[in-house]
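Notes follow the structure.
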Amino acid sequence: MNNMNNPALIPYLQMSISIFVLCFAACAICGLLLFYVKTDKVNDAMKHPYLQYKSFKQLPFTIRATILLDYYLHLVFPKGKFWVIGQANYLLQHVDPNQVPKGIKWLICCFWGACWLGLINMIVLWGLLSQV
């Protein structure tokens, strides 16, 4: 069966591509703010233990992204004890997620939320494109 002209897939493709572009834009904007503009505010509020040894800007990019992922996991799953979530909560047990300012929470959650949603959406988009 030739699905090339299947009009039923068009709305799903449009929605999937729109979500993908939105996730990319949100991730890019929040990433620039997190990594370059509001770095000091975020790290002062969260106080990751890795930052006792070197400043955020001296660390490699992968370690900086890992620190921000720890912040995200601690803010979203504050009572989790399993695997990476448990490690993030152990490292950041001194931080009360309710005391973190909303502006910082939104930046971190928007950045990583857009990454995860974009990743899931990319898989859906590949599936849809394989049907076209």
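Quick note: the coordinates plus some simple rules give every number you see, no bench work behind them. Remember, it's a predicted structure, so these values are computed and weren't measured experimentally. Note that we place each Cβ from the backbone using ideal geometry, even for glycine, and neighbour counts take in every protein chain shown.
Looking for something crowded, with 17+ Cβ neighbours inside 10 Å and of a type in the set (Gly, Ala, Ser) - is there at least one such residue anywhere in the stretch 54-61?
Looking for residues that are crowded, with 17+ Cβ neighbours inside 10 Å and of a type in the set (Gly, Ala, Ser), one finds none in the stretch 54-61, hence no.
Tell me, which residue of the stretch 10-32 that is in contact with a helix residue (DSSP H, G or I) (Cβ under 6 Å, 6 or more places away or on another chain) and not small (Gly, Ala, Ser) is nearest to Trp106 (Cα to Cα)?
The selected residue is Cys30.
Could you figure out which of (1) of a type in the set (Asp, Glu); (2) closer than 19 Å to Cys30 by Cα; (3) surrounded by fewer than 18 Cβ atoms within 10 Å (Cβ to Cβ) isn't true of Asp96?
If we test Asp96 against (1) of a type in the set (Asp, Glu); (2) closer than 19 Å to Cys30 by Cα; (3) surrounded by fewer than 18 Cβ atoms within 10 Å (Cβ to Cβ), just (2) comes out false.
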